[in-house]
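Accompanying notes for the structure given below.
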Amino acid sequence: MYKLFPLVFVCLLAGCAISPETKTSEELPFWVNNPPEMHAVGSSDVNFQGIYMQRLEAMNKARSDLAHNLKSYITSQFEIRSKSSNEKFSTNVYDKVNALSEVFLNESYQVDAYIDSKKRLYLLVGSPKERINSLIGSKNINPDKIELPVLKTVPFDKEKLVQSRCYDSYVLQSLNTHSNLYQNRPVWFFRPNQNGVVGSIGVAEKEEGRNFLEQKSVALSLAKSSLAKRQKSQIASEHEALKIVHDDISGKLFETSSILRSETNLDYVVERDIWLDPDSCELYIWVIKK
Amino acid sequence: MRYFLIFGIFFLTLALADKSVVKTVTINQMQYAQKSFLQVKEIALQEAKNAAAKEIYGEVVISETVTANGKILDDVVREQSGGIVRIKGEPKFRNGENFGDIVVTIEAYATDEDLQNRSVLKASAEREESQNNGAIKKIEQVKRGFYGIWSGFAMRGSGGSGDIMIKITDSGEATINYDSLHCGGELIIQEKTADLVKFKEKLTYGVDKCVDRHSITLKKLSNTQMLFMQFDKDEREVSKGTLYREE
């Protein structure tokens with residue numbers, strides 16, 4: 001029971017400070033505002049460094065929250081100072097809560113993703129029941145089985161890719177994307193772990209002076225790194241909430257920091273699919289563990 | 001007899017090989033327009049050897065991501081793979097499906113001894129510690145951002161100038177002193193990003209000499225310099241200046 005106390009505490013802390021901002025008029029997937037038990041949602045705005053960094057931010061936030069939900073060490077400091085001078089009475093309140101979490105998270109993976117109309121990316125991250133139970137030493141946690149909505153997809157349009165100016169036409173002609181597209185991206189960008197495969201994705205921007213093979217090599221490395229993190233990650237994360245009240249003036253501050261580290265021996269990874277965004281020329285690669 | 005011995009040793013070596021793979025790699029000459037045909041063949045062969053090494057010895061992927069307030073400060077990915085790769089026979093080259101494709105197929109193997117002497121190194125404790133310190137320093141730099149003692153001058157919109165000293169502690173408490181005006185007080189944090197922080201001012205002394213409850217915005221220009229802006233209750237700028245880090 002004592003192991004669940006920090007979980008409830010952090011959920012309360014997280015609930016008031018880091019819930020995703022959503023647009024009410026747009027219908028978002030059910031998990032954005034109500035993530036299933038032992039899952040976490042990370043979100044991130046458009047990043048000028050490309051979709052990879054946007055996805056990485058969202059993924060790290062989700063993993064950090066997941067770690068805090070599983071295990072965290074809370075310290076708090078509350079101070080109230082009252083003083084009177086020249087018939088004036090003043091009260092200062094200082095309330096600070098720190099939540100530290102350091103866990104080895106095995107098999108934390110992307111379950112689903114969604115991009116809203118403002119291009120904000122939401123990621124749903126989960127971990128298998130057995131891993132969670134072994135981590136918190138309980139057999140009671142039973143994550144919900146998630147029924148993901150069916151995605152309305154369209155077939156990959158090679159003509160559009162060939163007409164783009166990303167590379168010479170013979171390079172573009174050689175690119176065959178097998179997956180259908182959803183929200184203008186391959187389905188595996190949203191669900192890289194579909195149908196029981198252990199997968200991950202890497203996205204590389206097109207850089208001036210670099211050829212297609214070099215771009216592909218970067219995307220492949222990032223996909224492997226993402227797969228390594230999926231298999232085993234060490235997460236050290238800190239959430240700090242501060243509230244200061246001076247009479248009728250009050251201020252709040254919420255800060256987070258995290259270090260996510262992974263060192264994994266990837267036995268054999270195979271490239272499952274590839275897609276070049278005809279608009280941004282970003283290259284997406286889906287890799288799976290053989 | 002001599003040939004028999006050579007063949008015998010050759011086949012014995014292969015028989016003892018613990019792991020062997022067949023790798024086929026295709027590269028297109030057009031991707032290497034500056035290289036000669038022989039050089040492109042060499043690149044294709046090298047890629048095939050790399051692919052074989054990765055499959056035989058596996059690949060250690062080391063990655064680290066550091067974030068502060070939801071923003072990525074650093075993302076590093078390192079791949080390590082290696083060991084002796086031996087080629088059985090000659091590499092086989094042929095033309096591929098597309099114009100300019102060069103396809104190379106090799107049969108590679110590593111002996112039991114090669115596998116034991118693999119050169120992929122696990123991260124040493126020393127390296128791990130230095131990585132830890134590096135990541136923590138990056139976060140501390142971001143967190144430190146505004147913490148410390150800052151001083152400088154501000155010009156008032158109504159004319160005149162005054163010196164200012166702001167002290168921000170790492171616990172989030174802050175004070176301000178207008179020495180030349182003989183007033184000062186506390187700053188209550190309202191909002192903070194990586195390079196901007198907003199406070200509400202509450203004077204605790206010299207209230208009769210200065211106007212209370214202004215808003216203060218500090219914008220970081222560098223690690224040692226920041227912009228000071230003071231606004232009245234109607235969000236009109238009252239004074240502006242530059243502060244320098246004292247401590």
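The values are calculated or read from the model by the stated rules, or taken from the named source; none is laboratory data. This structure is a prediction, so every number in the text was calculated from the model and none was measured. When we count neighbours, we look across all protein chains shown, and the Cβ atoms used for this are built from the backbone with ideal geometry, even at glycine. Areas reflect the complete protein model, heavy atoms only, side chains present, ligands, DNA and RNA absent. Shrake-Rupley method; radii C 1.70, N 1.55, O 1.52, S 1.80 Å.
Within the range B:33-49, track down each residue that is modelled with pLDDT under 85 and not aliphatic (A, V, I, L, M).
Answer for the range B:33-49, where residues must be modelled with pLDDT under 85 and not aliphatic (A, V, I, L, M): B:GLN34, B:LYS35.
Does B:GLU186 meet the test of being acidic (Asp, Glu) and surrounded by 20 or more Cβ atoms within 10 Å (Cβ to Cβ)?
Details: acidic (Asp, Glu): yes; surrounded by 20 or more Cβ atoms within 10 Å (Cβ to Cβ): no.
For B:GLU186, the condition - acidic (Asp, Glu) and surrounded by 20 or more Cβ atoms within 10 Å (Cβ to Cβ) - is not met.
When you check B:VAL66 against the structure, is it touching a Ser or Thr at 6+ places or on another chain (Cβ under 7 Å), open to solvent by less than 40 Å² (accessible area, probe 1.4 Å) and either under 30 Å from B:GLN116 (Cα atoms) or in a strand (DSSP E or B) (or both), yes or no?
no
Per-residue answers, yes or no, for (1) in contact with an Asp or Glu (Cβ under 6 Å, 6 or more places away or on another chain); (2) among the aromatic types (Phe, Trp, Tyr); (3) within 30 Å of A:ARG185 (Cα to Cα):
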{"position": "A:LEU28", "(1), (2), (3)": "no, no, yes"}
{"position": "A:TYR52", "(1), (2), (3)": "no, yes, yes"}
{"position": "A:LEU66", "(1), (2), (3)": "no, no, yes"}
{"position": "A:ASN69", "(1), (2), (3)": "no, no, no"}
{"position": "A:ARG81", "(1), (2), (3)": "no, no, no"}
{"position": "A:SER101", "(1), (2), (3)": "no, no, no"}
{"position": "A:GLU107", "(1), (2), (3)": "no, no, yes"}
{"position": "A:ALA113", "(1), (2), (3)": "no, no, yes"}
{"position": "A:PRO128", "(1), (2), (3)": "yes, no, yes"}
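Quick check: anything in the range A:231-240 open to solvent by 10 Å² or more (accessible area, probe 1.4 Å), within 19 Å of the chain's Cα centre (by Cα), closer than 30 Å to A:ASP95 by Cα and at the interface with chain B (Cβ under 9 Å from one of its Cβ atoms)? Quick ask: steps written out before the conclusion?
Here is the first cut: in the range A:231-240, the residues open to solvent by 10 Å² or more (accessible area, probe 1.4 Å) are A:231-232, A:234, A:236, A:238, A:240.
Remaining after also requiring within 19 Å of the chain's Cα centre (by Cα): A:231-232, A:234, A:236, A:238.
Narrowing the set further to residues that are closer than 30 Å to A:ASP95 by Cα leaves A:234, A:236, A:238.
Filter once more, so that each one left must be at the interface with chain B (Cβ under 9 Å from one of its Cβ atoms): A:236, A:238.
Yes, the range A:231-240 contains at least one residue that is open to solvent by 10 Å² or more (accessible area, probe 1.4 Å), within 19 Å of the chain's Cα centre (by Cα), closer than 30 Å to A:ASP95 by Cα and at the interface with chain B (Cβ under 9 Å from one of its Cβ atoms).
Can you tell me which residue is farthest from the other protein chains (Cβ to nearest Cβ) among those in the range A:248-290 that are farther than 20 Å from A:LEU220 by Cβ, open to solvent by 60 Å² or more (accessible area, probe 1.4 Å) and not in a strand (DSSP E or B)?
Step by step, filter the range A:248-290, then rank; the result is A:ASP279.
So which residues in the range A:116-133 are modelled with pLDDT of 80 or more and open to solvent by 20 Å² or more (accessible area, probe 1.4 Å)?
A:SER117, A:LYS118, A:LYS119, A:ARG120, listed by residue number.
Would you say B:ILE43 is more than 8 Å from chain A (Cβ to nearest Cβ) and either touching a residue at least 12 places away in the same chain (Cβ under 8 Å) or not in a strand (DSSP E or B) (or both)?
yes
Of all residues in the range B:47-63, how many are open to solvent by 20 Å² or more (accessible area, probe 1.4 Å) and facing another protein chain (nearest Cβ under 7 Å)?
1
Take B:GLY241 and decide whether it is of a type outside the set (D, E, K, R), open to solvent by less than 30 Å² (accessible area, probe 1.4 Å) and free of Cβ contacts under 8 Å to residues at least 24 places away in the same chain.
No, not satisfied.
Could you check, for the range B:212-231, whether at least one of its residues is farther than 26 Å from B:GLY70 by Cβ, touching a residue at least 60 places away in the same chain (Cβ under 8 Å), open to solvent by less than 30 Å² (accessible area, probe 1.4 Å) and of a type outside the set (A, V, I, L, M)?
yes
Give the range B:64-98 a look and list any residue that's in contact (Cβ under 8 Å) with a residue 24 or more places away in the chain and facing chain A (nearest Cβ under 8 Å), or say none.
B:GLU64, B:VAL66, B:ALA68, B:ASN69, B:LYS71, B:ASN98 - these are the residues of the range B:64-98 that are in contact (Cβ under 8 Å) with a residue 24 or more places away in the chain and facing chain A (nearest Cβ under 8 Å).
Check off (1) surrounded by 13 or more Cβ atoms within 10 Å (Cβ to Cβ); (2) within 11 Å of chain A (Cβ to nearest Cβ); (3) modelled with pLDDT under 90 for B:PHE199 and give me the number that stays unchecked.
The single condition B:PHE199 does not satisfy is (3).
Among what's in the range B:171-196 and is closer than 21 Å to B:LYS71 by Cα and charged (D, E, K, R), pick the residue that is farthest from the other protein chains (Cβ to nearest Cβ).
So, considering only residues that are closer than 21 Å to B:LYS71 by Cα and charged (D, E, K, R), the one farthest from the other protein chains (Cβ to nearest Cβ) is B:ASP195.
Would you list the helices (runs of 4 or more DSSP H) that sit entirely within the range A:148-226 and hold 2 or more residues that are surrounded by 18 or more Cβ atoms within 10 Å (Cβ to Cβ) and in contact (Cβ under 8 Å) with a residue 60 or more places away in the chain?
Answer list for the range A:148-226: A:187-190.
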